[in-house]
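Below is one structure, written out as structure tokens; comments come after it.
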Amino acid sequence: FIGVYRNADTPIGYLAPSTSRDFSPQWSPDGTQIAYVRIAGSGGPPQDPLVEANQPWAIWVEDVRTAHAHQVWHSGTGSRDSLPQIKGPQLNWVAGNNLIFISEQTNWPHIYEVSANGPEHAARLLTPGRFMVEDIAISPDLQTIYYTANAGTTPGDDDRRHIFRVSAQRGAPVTVTHGTNSEWWPAATSDGVAYVQA
């Protein structure tokens, strides 16, 4: 369960409690909503540890003022739709009351965007291509998403990481770093991005 603590005199409020498992809560910039990831609850007979089980998942949003919660997106049920395991879904708020997250539904971990407003919506792919998105950083104004990926035009870039950016509103990704070095761990600033290079 995800609970909201207000003060010592107010009972903890739980977000749409159910038999599901909820995690990765993220407050909206205005402090009125919480987005989170929901997966099915565990139970039943033991699962074979040698068989990879599919893990469908969904994104929910609750208005903490009214305690109204709704599902804004859900994955498919196939193996490629399963909850990302290495870096996780990296759920974040961006401008326009939208949410971004990582999904591997195309067999590549990419950034998708979906509206937090109900009812449920289809997600929009922000980073198309045959490469892996890894770390994400959001600019302070929530308008720009920085990310690392093994993409680029320099031979060998499939083994390197570079920094890219994409608008949270619309537009194609833009290369921030390139060449024969690797860059990772972006940290967005008010006027750009900091990162590690080697």
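The values are calculated or read from the model by the stated rules, or taken from the named source; none is laboratory data. It should be emphasised that the depicted structure is a prediction, and the values quoted were computed from it without experimental measurement. Every residue, glycine as well, gets a Cβ built from its backbone with ideal geometry; the counts of neighbours run over all protein chains shown. We work out accessible area using only protein heavy atoms, side chains counted, and drop any ligands, DNA or RNA first. Shrake-Rupley method; radii C 1.70, N 1.55, O 1.52, S 1.80 Å.
In region 96-126, which residues are surrounded by fewer than 18 Cβ atoms within 10 Å (Cβ to Cβ) and part of a strand (DSSP E or B)?
124, 125
Name the residues in region 41-75 that are in a loop (DSSP other than H, G, I, E, B), surrounded by 13 or more Cβ atoms within 10 Å (Cβ to Cβ) and not polar (S, T, N, Q), would you? Working first, answer last.
Step one: list which residues in region 41-75 are in a loop (DSSP other than H, G, I, E, B), which gives 41-56, 64-67, 75.
Next, from what is left, pick out any that are surrounded by 13 or more Cβ atoms within 10 Å (Cβ to Cβ): 54-56, 64, 75.
If the condition is that a residue be in a loop (DSSP other than H, G, I, E, B), surrounded by 13 or more Cβ atoms within 10 Å (Cβ to Cβ) and not polar (S, T, N, Q), then 56, 64 are the ones that fit.
For region 127-198, which fully contained strands (runs of 3 or more DSSP E) count at least 2 residues that are in contact with a Lys or Arg (Cβ under 9 Å, 6 or more places away or on another chain) and hydroxyl-bearing (Ser, Thr, Tyr)? Lay out the reasoning, then the answer.
Numbers: elements: 133-138, 144-149, 162-167, 183-189, 192-197.
Ranges flagged: 144-149.
Residue check, residue 134 against (1) charged (D, E, K, R); (2) closer than 16 Å to residue 101 by Cα; (3) surrounded by fewer than 18 Cβ atoms within 10 Å (Cβ to Cβ), all met but one. Which one?
All conditions are met except number (3).
Would you say residue 168 is among the small types (Gly, Ala, Ser) and surrounded by 19 or more Cβ atoms within 10 Å (Cβ to Cβ)?
Working: among the small types (Gly, Ala, Ser): yes; surrounded by 19 or more Cβ atoms within 10 Å (Cβ to Cβ): yes.
So residue 168 passes the test.
Out of (1) more than 27 Å from residue 139 (Cα to Cα); (2) touching a strand residue (DSSP E or B) at 6+ places or on another chain (Cβ under 7 Å), what's the single condition that is false for residue 66?
In the conditions (1) more than 27 Å from residue 139 (Cα to Cα); (2) touching a strand residue (DSSP E or B) at 6+ places or on another chain (Cβ under 7 Å), residue 66 misses (2) alone.
Mind counting the residues in region 1-28 that are open to solvent by less than 80 Å² (accessible area, probe 1.4 Å), in a loop (DSSP other than H, G, I, E, B) and either of a type in the set (Asp, Glu) or in contact (Cβ under 8 Å) with a residue 40 or more places away in the chain (or both)?
Total satisfying the criteria: 3.
What is the one condition in (1) modelled with pLDDT of 95 or more; (2) more than 17 Å from residue 30 (Cα to Cα); (3) surrounded by fewer than 20 Cβ atoms within 10 Å (Cβ to Cβ) that residue 142 does not satisfy?
(2)
I'd like the full set of residues that are in contact (Cβ under 8 Å) with a residue 24 or more places away in the chain and either within 16 Å of residue 35 (Cα to Cα) or of a type in the set (Lys, Arg) (or both), limited to region 123-137.
Correct list: 123 only.
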